[in-house]
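One structure is given below, encoded as structure tokens.
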Amino acid sequence: MKITVLGAGGGEVTGSAYLVETGNARVLVDCGIFQGGKKAEAMNRFDLKDVSGLDAVLITHAHLDHTGRLPLLSKMKVPAPVFCTQATLELSSLILRDSAHVQEQETMHLNKKRQRAGLSPVQPLVSHDDTEGIIKKFIALPYDRDLPVARGMKASFAEAGHMLGSSCIQLSVEENGQVKKIVFSGDLGPKGAPILKDFEELHQADAVFMETTYGDRDHKPLDETISEFISIVKSAVESKGKILIPTFAVGRAQLMISILASMFRSKHMPPFPIFLDSPMAIEASRIYMGHKELYDDELLEFIREKPLMEDLKTLKICPTAEDSIAINKVPGPVMVLAGAGMCNAGRILHHLKYNLWKPETHVIIVGYQGNGTLGRRLVDGANKVRIFGDDIAVKASIHTLGGFSAHAGQKDLLNWFSHLAPSRPKLFLIHGENGPRNALGSKIKELYNTGANYPGMKEEIIL
Ligand SMILES: [Zn+2]
């Protein structure tokens, strides 16, 4: 058996894709896009020899860095089915359609500029049609069942606790009468996070491909972060300003809503108006609400007591642009949850433009802010920013809460591996910058006497 690293290797965090080949079958595990800068864009291609004759694609979860290159397969006329959990199927469809729409819009703007400069037009990486083509290929599989996906290969999806529908994939590969188990961690969530169940413990593997995003550190405990969030919201409500939360539409928006619901029910503070100003977050919330079987015991207990929406009577959803504009006229205190999560696009930009210069405004940053984004400039304390061509003074209070990560920190990563360690698997550390992956590798060597491998991009591993 040969496994080729087609992404998230060599210190890369994005672009997850691993090609598993035997004499009988070729299966791709994850099909993610590379994110961040021109170099990443250039990597977002597949060599035809890598994907031709694929028998199946298996997807661990719906984030673009694990799914974003899927439409390329339909563009390249690769007819393989795409297996994943039901919630991943629904969330991937939402995320891939949104991504294709954004790419087509960006390309249209770029082509207007190119036309004025006398240059020929360019094509988006993937189109609406490529995306619809691959969505038709999705097939949902249940969790925890060993089911055939290609000749001599069975796959089982285990809860990964990272986002709704997220999974670790255990691939059983039969070759020359021998069965080997390969485990792909996908992205692992932190233990004890609200809404989702914790990752499932896996006990047997011949080889493990493990993510190492936060392999060198632990996050601040979540209950401390939630207390901090509550005290910021309390003082913001007293100042009667707007509370703006730039929110990733899938995962983080639902987490914030569940925290607000429990804050109101436990009477930490009386309800105040909240606007969910993101069509994509509204749709993602609908998908989350349709999968109660994936909730953790705490949330099930919470909604058994009383439906969530009874605590959220002051929550208004804003599907249209008019709904969004109308928020400007609503006096504070109000909270606005809007995308994009890094303030580099979307409706949050309008709210920031109209409110950043007011001292009574509070901006709460609850997610990672990439280099070069407006969100990062706010976190770094800029006193003036440019939005839609206008200079805006930053008089608002900017609060940064780092403890809401959807990724396991070092302690939880080690816990996940501890259950596999007794079966003495070969370990391949992936999906992490070199610092975090080396740190996790040394820790695993020290605790479990298992030496790690650090595969590079395009590296071929023979098992
Ligand atoms: Zn992810």
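Quick check: anything in the range 196-216 more than 14 Å from the ligand (Cβ to nearest atom), modelled with pLDDT under 95 and out of contact with any His (no Cβ under 8 Å at 6 or more places or on another chain)?
The answer is no; no qualifying residue exists.
Give me a count of the residues in the range 60-103 that are closer than 19 Å to Y18 by Cα and outside any loop (DSSP other than H, G, I, E, B).
So the count comes out to 14.
Taking the range 148-169 on its own, how many of its residues are closer than 17 Å to H419 by Cβ, within 14 Å of the ligand (Cβ to nearest atom) and of a type in the set (G, A, S)?
Within the range 148-169, residues that are closer than 17 Å to H419 by Cβ, within 14 Å of the ligand (Cβ to nearest atom) and of a type in the set (G, A, S) number 3.
Okay, residues lined up against (1) under 19 Å from E211 (Cα atoms); (2) at pLDDT 95 or above; (3) assigned by TED's automatic domain parsing to the domain that holds N355:
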residue	(1), (2), (3)
Q369	no, no, yes
G375	no, no, yes
N383	no, yes, yes
I387	no, yes, yes
K395	no, yes, yes
L427	yes, yes, no
K445	yes, yes, no
G451	yes, yes, no
G456	yes, yes, no
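Go through (1) surrounded by 19 or more Cβ atoms within 10 Å (Cβ to Cβ); (2) within 16 Å of T131 (Cβ to Cβ); (3) free of Cβ contacts under 8 Å to residues at least 24 places away in the same chain one by one and return the number of the condition E21 breaks.
(2) is the only condition that E21 fails.
Please work out if G161 is out of contact with any Ser or Thr (no Cβ under 6 Å at 6 or more places or on another chain), over 30 Å from E293 (Cβ atoms), in the same structural domain as N453 (by TED's automatic domain parsing) and not acidic (D, E).
In short, no.
Based on this model, can you work out whether L70 counts as within 18 Å of H291 (Cβ to Cβ), in contact (Cβ under 8 Å) with a residue 60 or more places away in the chain and under 18 Å from the mean Cα position of the chain (by Cα)?
Judged against the criteria, L70 is not a match.
Residue by residue, here is whether (1) part of a strand (DSSP E or B); (2) loosely packed, with under 15 Cβ neighbours inside 10 Å; (3) acidic (D, E); (4) touching a residue at least 60 places away in the same chain (Cβ under 8 Å) holds:
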| site | (1), (2), (3), (4) |
| --- | --- |
| K240 | no, yes, no, yes |
| I245 | yes, no, no, yes |
| A249 | no, no, no, yes |
| A261 | no, no, no, no |
| P270 | no, yes, no, no |
| Y288 | no, no, no, yes |
| E293 | no, yes, yes, no |
| R304 | no, yes, no, no |
| E322 | no, yes, yes, no |
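List the residue pairs whose Cβ atoms are under 6 Å apart, where the first residue sits in the range 153-176 and is over 18 Å from G192 (Cβ atoms) and modelled with pLDDT of 95 or more, the second is more than 16 Å from the ligand (Cβ to nearest atom) and hydroxyl-bearing (S, T, Y), and the two are 6 or more positions apart or on different chains.
Filtered contacts from the range 153-176: K154/S172; F157/Y143; Q170/S156.
Can you tell me which residues in the range 272-286 are within 29 Å of L96 (Cα to Cα) and not in a helix (DSSP H, G or I)?
Across the range 272-286, the qualifying residues are I274, F275, L276, D277, S278.
Can you tell me which of A117, A56 is farther than 23 Å from S278 by Cβ and surrounded by fewer than 20 Cβ atoms within 10 Å (Cβ to Cβ)?
That would be A117, the only listed residue that is farther than 23 Å from S278 by Cβ and surrounded by fewer than 20 Cβ atoms within 10 Å (Cβ to Cβ).
Report the residue count in the range 219-230 for those that are surrounded by 14 or more Cβ atoms within 10 Å (Cβ to Cβ) and either in a loop (DSSP other than H, G, I, E, B) or acidic (D, E) (or both).
Counting residues in the range 219-230 that are surrounded by 14 or more Cβ atoms within 10 Å (Cβ to Cβ) and either in a loop (DSSP other than H, G, I, E, B) or acidic (D, E) (or both) gives 3.
The values are calculated or read from the model by the stated rules, or taken from the named source; none is laboratory data. Predicted model only: the values in this text are computed from it and were never measured. Cβ coordinates were reconstructed from backbone atoms using ideal geometry, including for glycine residues, and neighbour counts include every protein chain displayed.
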